[in-house]
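Quick notes on the structure that follows.
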Amino acid sequence: MKKIFSLLLSALCIVGNVYASDYETHIFGHVADAKSGAMLPYVNVTIVGTTIGTTTDSTGHYILNDVPEDEEFTVEVSTIGYNTITRTLKVVTGIPIEVDFELTEQQMSLDAVVVSANRNVTTRREAPSLVGVLDHRLFEVTTSPTVADGLSFQSGVRVENNCQNCGFTQVRLNGLDGHYSQILIDSRPVFSSLAGVYGLEHLPANMIERIEVVRGGGSALFGASAIGGTVNIITKEPLYNSGSVTHTLSSIGCTGSLDNNTTFNASLVTDNNKAGLMIYGQNRRRDGYDHDGDGFVEIGKIDGQTIGARSYIKVSPYSKLSLEYHATKEYRRGGDQLNRPPHEVMVAETTDHVINSGGITYEGTSANNRHRYSAYVSAQDVKRDSYYGSNMDPNAYGYTHGFTTVAGGQYMFRMPKCLFLPAELTVGAEYNLDKMKDTPLGEGYTATNQTVHIYSAYIQNEWKNDKWGFLIGGRADKHNLINRVILSPRVNFRYNPTENINLRAVYSSGFRAPQAFDEDLHVTIVGGERTRIRLAEDLKEERSHTFSLSADMYHTFNNGVQGNLMVEGFYTILNDVFKLVETGETTDGDNATILERRNGSGATVMGINLEARLAFNPWLQLQAGGTLQRSRYKEPEQWSEDESVPAETRIFRSPDSYAYIAATVTPVRRFDIALSGTYTGPMLVQHFAGYIEKDIAVKTQAFFDLGLKLSYDFKIYRTIGLQINGGVKNILNSYQRDFDQGVNRDAGYVYGPSLPRTIFVGAKLSF
């Protein structure tokens, strides 16, 4: 691994030096705070439509080399917490000029850049869809070590634990479970069904620049499984030379069960900004935690390591090559007697993952910025040794191998006017391959093979200016398990009556294709039960139609307080919903139970998302959001094999209300008090027989998970800083109190916060 990083870094430096030329024409100057006059370090200074750019140094000064000569161009200056500004310039060959900039502070800028709304770089203000953004600062405030821990701090989003043994998590968007949420890494759908079972916990928070959340059907943009919406994880890109090391020690339940989490980041950029490399890593060791003292853990043991890198090479002033790679190795164990071999205990769920992911992207633009094009290849390889068994079963070992790759290209043509407004035409094509082989190692068992090929093409045209926006587009997908081409249209309308008011109306469609392996297979094998899933002969894809109306409003009050209010109403129709039905048949080779995936009745999900933010600069930042919703099947669904158990119309694990809050108070300089919490209202949860005598649908209680973090930043030397922090998660100890116990427990009967009251301390060294 060290040799790989050394070779990559050397290549970056060589390329950067080759591309460096002797500059005579350049722009130089400084960037300062408009109010205080203080120089601002590490501010991005770029020429729009090119790869030419730099950042200010630690003193707030910059030099922009290789600027266009004898022609007009636009310089853009941006950084988090300040309004983005632009200035049109023209320089004469061989004459350097000095240009200074002053930025006004704004904690809630509409000019934040997003890519998930239309597959092109745009600002939130002009995006055709409402895009929620979680930046890396929120993960620090909430002390979230992984993506799974921090995603809940966004309206319409809820992350839940679905397994008492292993801690399998899934993200729910607008009331729909994890099957309906598409996870993207840098806009690429390489997050396979196999990786999705535990994958959100495999992604450390320190690799994240931001997460973009688009609620509602997204298949017109990103293909299958985007019914509930998309979660686009944007990884960090090197911007300037920097580094950090962080360690957090947590005591789960205020006991001897510890969670040790160590992370590091380092970024290196060449002097001419033509190449850069960012590396990151995480080492996490978490003890198992037995809440009720029955000898079976409620929180599984984890021993995991992740290392990754992202780099870029600016091939020319108008093109860029980006590379990304990360690797994860994780051992996870739940059940009883965690230190003994799995087949020697009463219940064991063990997974040993080795995951390698990476991608390469080439992006270019024309000199007049009217043409943009990109080509990309991304892949993920997952290898998993596992044991899912009970009662000392020696035949419960297995091996699973999954490989996913996606390759495609995209072209965008910007038109000064098309009929009635300026417009951007985007076309693209994509190929997705997902191969999986699940091999039980017990005598007589047969393997499950699944190969999915998807060929896709999409087109959209977006008419827009500062006030109006209208988009119409669609995507065609040919899935090898579906006999026909699947069409997914979308229509978006945006109206900005003023600069700080954004009104949107959206129709979007989505689909979920059938496959033999999905998250629900994981649920069926938790208890050691051997199952095989087959697809019904007349099986159709699930389809969705989502309608939404939203208003996103910003205002600065006379006292300088900045506010934001977002209101979104949504209505989703689901048709041909998948369900698993026990056929009463078994396989010949291993006597495994055969489950058949069939189409059930439809469902409707409707509700309102609310979000509000206030910034009392510089001492108080407050944001809160909530969702009120109703999730129902059109007809009662029989969920239990016991026909005497009543069918349910209410969708399981979908509360009618849930919310979050996050606040940061800075009473004195360098000392922060962060308060964060999530509320989950009552919901209906399946409770299967085993520990109890009969299947029953349980209405849970409401939960409020409140956390507190205190931190103080010490300045050691110039750009070297040390932060000491500590706090408590789930202060109120709002935790499930009716866990099943013993070998016959229903491991899927778990709900509420993922942690009991937990104390943590930590330190972060930045340089």
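The values are calculated or read from the model by the stated rules, or taken from the named source; none is laboratory data. Note that this is a predicted model, so its numbers are computed, not measured. Backbone-built Cβ (ideal geometry, glycine too); neighbour counts: all protein chains shown.
Key figures
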| item | result |
| --- | --- |
| Residue in segment 627-654 that is farthest from Pro682 (Cα to Cα), counting only those that are touching a strand residue (DSSP E or B) at 6+ places or on another chain (Cβ under 7 Å), assigned to a loop (DSSP other than H, G, I, E, B) and among the charged types (D, E, K, R) | Glu641 |
| Test: residue in segment 433-443 that is modelled with pLDDT under 95, crowded, with 17+ Cβ neighbours inside 10 Å and outside any strand (DSSP E or B) | no |
| From Arg630, Arg613, residue being under 31 Å from the mean Cα position of the chain (by Cα), loosely packed, with under 15 Cβ neighbours inside 10 Å, charged (D, E, K, R) and under 30 Å from Asp552 (Cβ atoms) | Arg630 |
| Entirely in segment 478-560, the strands (runs of 3 or more DSSP E) that have 2 or more residues that are modelled with pLDDT of 90 or more | 485-498, 501-512, 542-556 |
| Qualifying positions in segment 69-85 - over 14 Å from Leu103 (Cβ atoms) and in contact (Cβ under 8 Å) with a residue 40 or more places away in the chain | Glu69 |
| Residue that is surrounded by the most Cβ atoms within 10 Å (Cβ to Cβ), among those in segment 329-363 that are β-branched (Val, Ile, Thr) and in contact with a helix residue (DSSP H, G or I) (Cβ under 7 Å, 6 or more places away or on another chain) | Thr350 |
| Residue check, Asn461 polar (S, T, N, Q), out of contact with any Ser or Thr (no Cβ under 6 Å at 6 or more places or on another chain) and touching a residue at least 40 places away in the same chain (Cβ under 8 Å) | yes |
| Which listed residue is of a type outside the set (Val, Ile, Thr), surrounded by 23 or more Cβ atoms within 10 Å (Cβ to Cβ) and under 19 Å from the mean Cα position of the chain (by Cα), from Ser187, Ser225 | Ser225 |
| Flag for Ile454 being crowded, with 21+ Cβ neighbours inside 10 Å and either at pLDDT 90 or above or closer than 30 Å to Pro341 by Cβ (or both) | yes |
| Matching entry among Leu221, Leu258, Leu249, Leu200 (being part of a helix (DSSP H, G or I) and under 26 Å from Asn725 (Cα atoms)) | Leu200 |
| Enumerated strands (runs of 3 or more DSSP E) restricted to segment 655-767, each holding at least 3 residues that are more than 21 Å from Val159 (Cα to Cα) | 657-668, 671-680, 703-717, 720-729, 758-766 |
| Counted residues, segment 276-308 - those being of a type in the set (Gly, Ala, Ser), touching a helix residue (DSSP H, G or I) at 6+ places or on another chain (Cβ under 8 Å) and more than 17 Å from Glu201 (Cα to Cα) | 1 |
| Hits in segment 78-118 - residues which are in a loop (DSSP other than H, G, I, E, B), out of contact with any Asp or Glu (no Cβ under 9 Å at 6 or more places or on another chain) and at pLDDT 80 or above | Thr79, Val99, Asp100 |
